[in-house]
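Worksheet: one structure, shown below.
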Amino acid sequence: MKVERYKQPKSSFLSVDKDIETIVGKMCENQRLKRLLFRQTDDPLNAENLTESETIDLLRGNYIRNVPDLPVDDSVKNYILITFDGFTPSLRNPEFRDNYIIINILCHFEQWRIGGGLELRPFKIASEIDSMLNGARLSGIGILNFVGANYITEGNGFGGYSLIYIATHGEDDKKNFNNPAEEEKWLEDIAEGLNG
């Protein structure tokens, strides 16, 4: 039986899913960030940590989103929107794509002032995100680097900041993209082991 040679794609975007998973995972581990998003008090940093149930509500309630749509919910006052943009061939490995990761922080204006009114929630959230992501390794061959930040507004009384990072990708794009010939051999080995 002739098996066609498997050819790896010249470029892929497989690392995007891994990066989203890694970023959201880091955010869900950060108790300070979760309190800043979820606790709608004047002093969220001194509030209790979120319970497991509240963390699930944080994700289900769309406080952290990766689809570029912001349906405003009256109960949700603070959002993080993760988007990917500006894909270009990698200078270090042109078979893969580098891109920008944009983290939009949107807070309802009534939620901006915290800590007795002297501190601003969007900057506290930005600080937590930047400390987690700048210089971090996600997927690929490079390090995530901060590029800049801009003030943004959204209708319905929301405003905040857009943090921009550049991500370099490479070898991780190949992972989980199986060679069909190798997969067929693997299945044959399992069947042989079960029958033998």
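In table form, for the structure just shown:
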item: FRET efficiency estimate (nearest 0.05) - Cβ-Cβ, PHE13 to LEU59, R0 22 angstrom; result: 0.45
item: Descending principal axes extents, the stretch 96-173, alpha-carbon based, whole Å; result: 47, 25, 16
item: Prolate/oblate/rounded call for the stretch 22-82, Cα gyration tensor, a/c under 1.5 rounded; result: oblate
item: Neighbour cut-off at most 11 other Cβ (10 Å), DSSP loop, GluC sites (Glu not before Pro), the stretch 10-94; result: GLU48
item: ASN66-ASP43 pseudo-label distance in nm [points 7 Å out on the Cα-to-Cβ vector]; result: 3.6
item: Global geometry of the stretch 14-126, whether rounded, prolate or oblate, following the gyration tensor of its Cα atoms and the 1.5 cut on a/c; result: prolate
item: For ASP130, net neighbour charge (Lys/Arg +1, Asp/Glu -1) across residues whose Cβ lies under 14 Å away; result: +2
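Computed from the coordinates by the stated procedures, all read-outs in this text should not be read as laboratory data. This one's a predicted model, so the numbers in the text were calculated from it and none came from an experiment. Using ideal geometry, Cβ is built from the backbone for each residue, glycine included, and neighbour counts are taken over all protein chains shown.
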